[in-house]
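**Student:** Right, I'll just put the structure down here and ask away after.
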Amino acid sequence: MDLKEKKFDYLEMINNIDFDKLYGLGGSFLVCPLKHSKTFSKEMFSEDQKMFADAAYDYAIKRIRPLKDDLQVLNKELTLEIFKELGEMGFLGVDMPEKYGGSNLDKTTAAIVVDYLAFSECASIMVTIGAHTGIGALPIAWYGTDRQKEKYLTKINSGEWLASFALTEPNAGSDAMNGESTAYLNDEKTHYILNGQKIWITNGSWANSCVVFAKVNGKMTAFIVDKDCEGWVIGAEEKKMGIKGSSTVTMYFENCKVPVENLLGAVGEGGHIALNCLYAGRWKLGFSSSAGSMSSINAAYNFAKERKQFSRSILKFDMIKNKFANMIARAWESDTVNYATTGSIDDSIAKLDSNAEDYYVKIQKITEDHAIEASVAKVVGSEALAYCADEGVQIFGGSGFCEEYPAAGVYRDERINRIFEGTNEINRLIISGTVLKKAILEEIPIRDVLLHRKNDMIGDNDFDESISKEAEVIEYCKSLGLIVLDNLINIYGQDFKNKQWLIEPFADIICSISIMHNCFLRYNQLDKGVHKNNTLPVLKLSISHHYRKLINRVKIINSYICDYMQFGKEQDKIDFCNVSESLNLNYLPNEIHLKKIIIDEFYKQEKYYLNI
Ligand SMILES: Cc1cc2nc3c(=O)[nH]c(=O)nc-3n(C[C@H](O)[C@H](O)[C@H](O)COP(=O)(O)OP(=O)(O)OC[C@H]3O[C@@H](n4cnc5c(N)ncnc54)[C@H](O)[C@@H]3O)c2cc1C
């Protein structure tokens, strides 16, 4: 089929959609053409945001990095000292209400702090901070009463108290709502009596408070438990594969007496609270992961520069260059989708009345609306870091396997990122499930756009000649993604969400579209100059990788669903399975050439060079 066939049939329908207004809505990258889209990136930081970035980076490098070895083993005293300092500098309550010691700033600034603190290269303290400012503090900020915020949030924001969040149980991990912990109101109606066990709780043995989930008459409910609650028993520290300097314990609730005023939200609201707070934890994890990827690249470079084999530096070997080029592209992609996520959330939050009573409820709704973006940031970031850490070990060779060098520690520490804040399997379920939901509920105009795109898969673009082919490729990929979704809905309806053989490759398609869309816009929005020139080959490499990956995933899906579809001729079926129409794009990127350019610049700058 000609990719632009019957172009005008659906123009009117599509013209009625104001794409520019869709920015700020979760999932809008799936339907908005590039020419009606924008993104947020590091290059767009305000002066205040730059100040936070500099301050966090400075603290990470000067204060935390020298203590790295001491913080990579359990060290309560030092961790608490660092927390007080983080609190004093305003790093813990960036996006928290001013009334309770926070700065009430945007999500991007909160993310900047995580991003730049992560250059401390101390994964343990980052996990401690992540649990504290994310899942530990957010439930109270979003659902707490004034009294609860005054009592807990103020101390959490100042770093005086460490916060934690206890959802997981022995029989309820990914299936978190299946917990067996219970709570009932005592006869005097003064206390809820909690019984149960929670496992693998970050900050557990150091925390002064914990948001705990238990069922009241079968309904999942949240409580704030603190040190004054009799019956809150902390178990021994876990012996972990990595992040050994963060506290991870089992908590036991043995007729634990929780005052009624510590009920968080309403009885039965616990599931909602738990899931919503995890969304924000996910994009924060994306940020610490992308910083970790960049640090891995730099550490591997510094080692490789000194390492000689066959009478030359190993930097000279093309296979080593290939690794670095791929690592750079993946770190940049992760960084791009992270800030695209917070930028979109902030755009929506900026439209709210910050004095309104339901301000924080609406922020929570906006966060929930960005479930796709949050999971994409988590999956893309954690898998980019896994890739960089693994290739980092490889570049170090045998030294990478020995604890004397940093690569082994990074390799162990990064592993957890694909497991907590929802495993990457669960996050892929969320990505595909949320796209399905948004399509069915028409939260974004997927159907209208789909009808149009079926007939004009690439549209027009007036982007610079140097990137107009990439723009075509991205529009084609978005159209293809929507057509795949349409086929899946037509065959399975809502039952698609139970078809994991298909859910997984479909989620990968969505991740690739998000990366291509946001990376393209980021590049296109850059001011002309050296930074933009240096970014272009990385963008092109990224588009090339994701185009191939996406086509591969579509082939996997089409080869499975073709038996459920009608074809006039056998050749049509073969073309469908092979995604043969994609050949009409004539997209022939020269990856080796692009990688050579990337490496020339990388070796010149001797570090990951796409940060401003
Ligand atoms: C160091 C550490 C810190 C943690 N901190 C906290 C914390 O502070 N608070 C807290 O509440 N919890 C915490 N957790 C728990 C963490 O969130 C869980 O480990 C995670 O949710 C996975 O649950 P699970 O380990 O029981 O794995 P399981 O749910 O048993 O999963 C095992 C495997 O099956 C897969 N799987 C499960 N269900 C599905 C499905 N429906 N479809 C496809 N695949 C599936 C998983 O992806 C995984 O690969 C922490 C865990 C660790 C290790």
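The values are calculated or read from the model by the stated rules, or taken from the named source; none is laboratory data. These numbers come from a predicted model, not from an experiment. Reconstructed Cβ throughout: ideal geometry from the backbone, glycine too, with neighbour counts over all protein chains shown.
**Student:** Does Ile416 meet the test of being surrounded by fewer than 22 Cβ atoms within 10 Å (Cβ to Cβ), modelled with pLDDT under 95 and among the β-branched types (Val, Ile, Thr)?
**Tutor:** Values: surrounded by fewer than 22 Cβ atoms within 10 Å (Cβ to Cβ): yes; modelled with pLDDT under 95: no; among the β-branched types (Val, Ile, Thr): yes.
Taking the combined requirement at face value, the residue does not satisfy it.
**Student:** Give, as residue ranges, the helices (runs of 4 or more DSSP H) completely inside region 409-505 that count at least 2 residues that are within 21 Å of Asn552 (Cα to Cα) and among the hydroxyl-bearing types (Ser, Thr, Tyr).
**Tutor:** On the way: elements: 424-440, 446-455, 465-492.
Hits in region 409-505: 465-492.
**Student:** Now for a separate question. Would you call Ile509 among the aliphatic types (A, V, I, L, M), surrounded by 20 or more Cβ atoms within 10 Å (Cβ to Cβ) and in contact with a Lys or Arg (Cβ under 7 Å, 6 or more places away or on another chain)? So that I can check it myself, show each step before the final result.
**Tutor:** Values: among the aliphatic types (A, V, I, L, M): yes; surrounded by 20 or more Cβ atoms within 10 Å (Cβ to Cβ): yes; in contact with a Lys or Arg (Cβ under 7 Å, 6 or more places away or on another chain): yes.
For Ile509, the condition - among the aliphatic types (A, V, I, L, M), surrounded by 20 or more Cβ atoms within 10 Å (Cβ to Cβ) and in contact with a Lys or Arg (Cβ under 7 Å, 6 or more places away or on another chain) - is met.
**Student:** Right, here's the next one. Sort out which residues of region 240-251 are crowded, with 17+ Cβ neighbours inside 10 Å and either more than 14 Å from the ligand (Cβ to nearest atom) or under 30 Å from Pro406 (Cα atoms) (or both), and write them in order of number. It would help to see each step written out before you state the result.
**Tutor:** The first filter runs over region 240-251 and keeps only residues crowded, with 17+ Cβ neighbours inside 10 Å, leaving 242-251.
Within region 240-251, Gly242, Ile243, Lys244, Gly245, Ser246, Ser247, Thr248, Val249, Thr250 qualify.
**Student:** Same structure, new question: Across region 257-274, which residue is nearest to Gly231 (Cα to Cα) among those that are without any contact (Cβ under 8 Å) to a residue 60 or more places away in the chain and of a type in the set (A, V, I, L, M, F, W, C)? Can you show your working first?
**Tutor:** Filtering region 257-274 down to residues without any contact (Cβ under 8 Å) to a residue 60 or more places away in the chain leaves 266-268, 270, 272.
Filter once more, keeping what is of a type in the set (A, V, I, L, M, F, W, C): 266-267.
Details: Ala266: 23, Val267: 21 Å.
Out of the qualifying residues, it is Val267.
**Student:** Take Asn524 and decide whether it is loosely packed, with under 15 Cβ neighbours inside 10 Å and within 17 Å of Glu465 (Cα to Cα). Give the steps one after another, and end with the answer.
**Tutor:** Values: loosely packed, with under 15 Cβ neighbours inside 10 Å: no; within 17 Å of Glu465 (Cα to Cα): yes.
No; evaluated as a whole, the condition is false for this residue.
**Student:** If you take the residues in region 396-408 that are part of a helix (DSSP H, G or I) and among the hydrophobic types (A, V, I, L, M, F, W, C), which one is surrounded by the fewest Cβ atoms within 10 Å (Cβ to Cβ)? Reasoning before the result, please.
**Tutor:** First, the residues of region 396-408 that are part of a helix (DSSP H, G or I): 396-401, 406-408.
Then keep just the ones that are among the hydrophobic types (A, V, I, L, M, F, W, C); that gives 396, 401, 407-408.
Working: Phe396: 22, Phe401: 12, Ala407: 25, Ala408: 19.
Going through the qualifying residues, I end up with Phe401.
**Student:** Test Asn552 against the criterion of being assigned by TED's automatic domain parsing to the domain that holds Thr336, of a type outside the set (Asp, Glu) and surrounded by fewer than 21 Cβ atoms within 10 Å (Cβ to Cβ), and give yes or no. First the steps, then the outcome.
**Tutor:** Working: assigned by TED's automatic domain parsing to the domain that holds Thr336: yes; of a type outside the set (Asp, Glu): yes; surrounded by fewer than 21 Cβ atoms within 10 Å (Cβ to Cβ): yes.
It is true that Asn552 is assigned by TED's automatic domain parsing to the domain that holds Thr336, of a type outside the set (Asp, Glu) and surrounded by fewer than 21 Cβ atoms within 10 Å (Cβ to Cβ).
**Student:** Kindly indicate which of Leu583, Leu588 is free of Cβ contacts under 8 Å to residues at least 60 places away in the same chain, surrounded by fewer than 12 Cβ atoms within 10 Å (Cβ to Cβ) and assigned to a loop (DSSP other than H, G, I, E, B). Break it down into steps so the answer makes sense when it comes.
**Tutor:** Values: Leu583 fails: assigned to a loop (DSSP other than H, G, I, E, B).
None of the others qualify; the one that does is Leu588.
**Student:** Out of Leu385, Leu436, Leu451, I need the residue that is at pLDDT 95 or above and over 19 Å from Ser295 (Cβ atoms). Which one?
**Tutor:** Selected residue: Leu436, the only one of Leu385, Leu436, Leu451 that is at pLDDT 95 or above and over 19 Å from Ser295 (Cβ atoms).
**Student:** Related question: Identify the single condition in (1) at pLDDT 95 or above; (2) outside the structural domain of Asp347 (by TED's automatic domain parsing) that Asn104 does not satisfy, given that it satisfies every other one.
**Tutor:** Single failed check for Asn104: (1).
**Student:** Still on this structure, please answer the following. Would you check if there is a residue in region 133-143 being within 25 Å of the chain's Cα centre (by Cα), surrounded by fewer than 18 Cβ atoms within 10 Å (Cβ to Cβ), without any contact (Cβ under 8 Å) to a residue 60 or more places away in the chain and not assigned by TED's automatic domain parsing to the domain that holds Thr342? Don't jump to the end; show me each part of the working.
**Tutor:** In the first step, residues of region 133-143 are kept if they are within 25 Å of the chain's Cα centre (by Cα); the result is 133-143.
Remaining after also requiring surrounded by fewer than 18 Cβ atoms within 10 Å (Cβ to Cβ): none.
Within region 133-143, none of the residues are within 25 Å of the chain's Cα centre (by Cα), surrounded by fewer than 18 Cβ atoms within 10 Å (Cβ to Cβ), without any contact (Cβ under 8 Å) to a residue 60 or more places away in the chain and not assigned by TED's automatic domain parsing to the domain that holds Thr342.
**Student:** Report yes if Ala356 is over 16 Å from the mean Cα position of the chain (by Cα) and modelled with pLDDT of 95 or more, otherwise no. If you could, list the steps in order and put the result at the bottom.
**Tutor:** Numbers: over 16 Å from the mean Cα position of the chain (by Cα): yes; modelled with pLDDT of 95 or more: no.
No; evaluated as a whole, the condition is false for this residue.
**Student:** Let me ask something else. Quick check: is even one residue across region 440-461 among the small types (Gly, Ala, Ser) and more than 16 Å from the ligand (Cβ to nearest atom)? Give the steps one after another, and end with the answer.
**Tutor:** Of region 440-461, the ones among the small types (Gly, Ala, Ser) are 459.
Retained after the next criterion (residues that are more than 16 Å from the ligand (Cβ to nearest atom)): 459.
Yes, that holds for at least one residue.
**Student:** So which strands (runs of 3 or more DSSP E) are wholly in region 140-250 and hold at least 1 residues that are out of contact with any strand residue (DSSP E or B) (no Cβ under 9 Å at 6 or more places or on another chain)?
**Tutor:** 219-226
**Student:** Would you confirm whether any residue within region 262-278 is under 18 Å from Lys151 (Cα atoms), in a helix (DSSP H, G or I), at pLDDT 95 or above and away from the ligand (no atom under 15 Å from the Cβ)?
**Tutor:** Our first condition is that a residue be under 18 Å from Lys151 (Cα atoms); within region 262-278, this holds for 262-265.
Pick out the ones that are also in a helix (DSSP H, G or I) and you get 262.
With the extra rule that they be at pLDDT 95 or above, the set shrinks to 262.
If we keep only those that are away from the ligand (no atom under 15 Å from the Cβ) as well, we get 262.
Scanning region 262-278 turns up at least one residue that is under 18 Å from Lys151 (Cα atoms), in a helix (DSSP H, G or I), at pLDDT 95 or above and away from the ligand (no atom under 15 Å from the Cβ).
**Student:** Right, here's the next one. If I ask for residues that are part of a helix (DSSP H, G or I) and without any contact (Cβ under 8 Å) to a residue 24 or more places away in the chain, which ones from region 325-365 would you list? It would help to see each step written out before you state the result.
**Tutor:** From region 325-365, those part of a helix (DSSP H, G or I) are 325-349, 359-365; that's our starting set.
The answer is Tyr359, Lys362, Lys365.
**Student:** Across region 375-395, what is the number of residues that are buried (at least 24 other Cβ atoms within 10 Å of the Cβ) and either under 18 Å from the mean Cα position of the chain (by Cα) or not assigned by TED's automatic domain parsing to the domain that holds Lys284 (or both)?
**Tutor:** So the count comes out to 12.
**Student:** Would you confirm whether any residue within region 398-408 is assigned by TED's automatic domain parsing to the domain that holds Lys284 and within 11 Å of the ligand (Cβ to nearest atom)? Can you show your working first?
**Tutor:** Kept after step one, since they are assigned by TED's automatic domain parsing to the domain that holds Lys284, are these residues of region 398-408: 398-408.
Restricting the remaining residues to those that are within 11 Å of the ligand (Cβ to nearest atom) gives none.
There is no residue in region 398-408 that is assigned by TED's automatic domain parsing to the domain that holds Lys284 and within 11 Å of the ligand (Cβ to nearest atom).
**Student:** Continuing with this model, one more query. Looking at region 525-536 only, could you name the residues that are in contact with an Asp or Glu (Cβ under 8 Å, 6 or more places away or on another chain) and part of a helix (DSSP H, G or I)?
**Tutor:** Selection gives Gln525, His531, Asn534.
**Student:** Among the residues of region 39-50, which ones are free of Cβ contacts under 8 Å to residues at least 12 places away in the same chain and either hydroxyl-bearing (Ser, Thr, Tyr) or farther than 16 Å from Phe119 by Cβ (or both)? Spell out how you get there, then give the answer.
**Tutor:** So the first thing to find is which residues in region 39-50 are free of Cβ contacts under 8 Å to residues at least 12 places away in the same chain, and the list is 46-47, 50.
Within region 39-50, Ser46, Glu47 meet the criteria.
**Student:** Within region 228-239, identify whether any single residue is within 24 Å of Cys122 (Cα to Cα), away from the ligand (no atom under 12 Å from the Cβ) and not basic (Lys, Arg), and answer yes or no. Working first, answer last.
**Tutor:** Going residue by residue through region 228-239, those that are within 24 Å of Cys122 (Cα to Cα) are 236-239.
Subset that is away from the ligand (no atom under 12 Å from the Cβ): 236.
Those still in the list that are not basic (Lys, Arg) too: 236.
Yes, region 228-239 contains a residue that is within 24 Å of Cys122 (Cα to Cα), away from the ligand (no atom under 12 Å from the Cβ) and not basic (Lys, Arg).
**Student:** Which one of Ile201, Ile156 is hydrophobic (A, V, I, L, M, F, W, C), away from the ligand (no atom under 12 Å from the Cβ) and either within 27 Å of Ile129 (Cα to Cα) or in contact with a Pro (Cβ under 6 Å, 6 or more places away or on another chain) (or both)?
**Tutor:** Working: Ile201 fails: away from the ligand (no atom under 12 Å from the Cβ).
Only one candidate passes the filter, namely Ile156.
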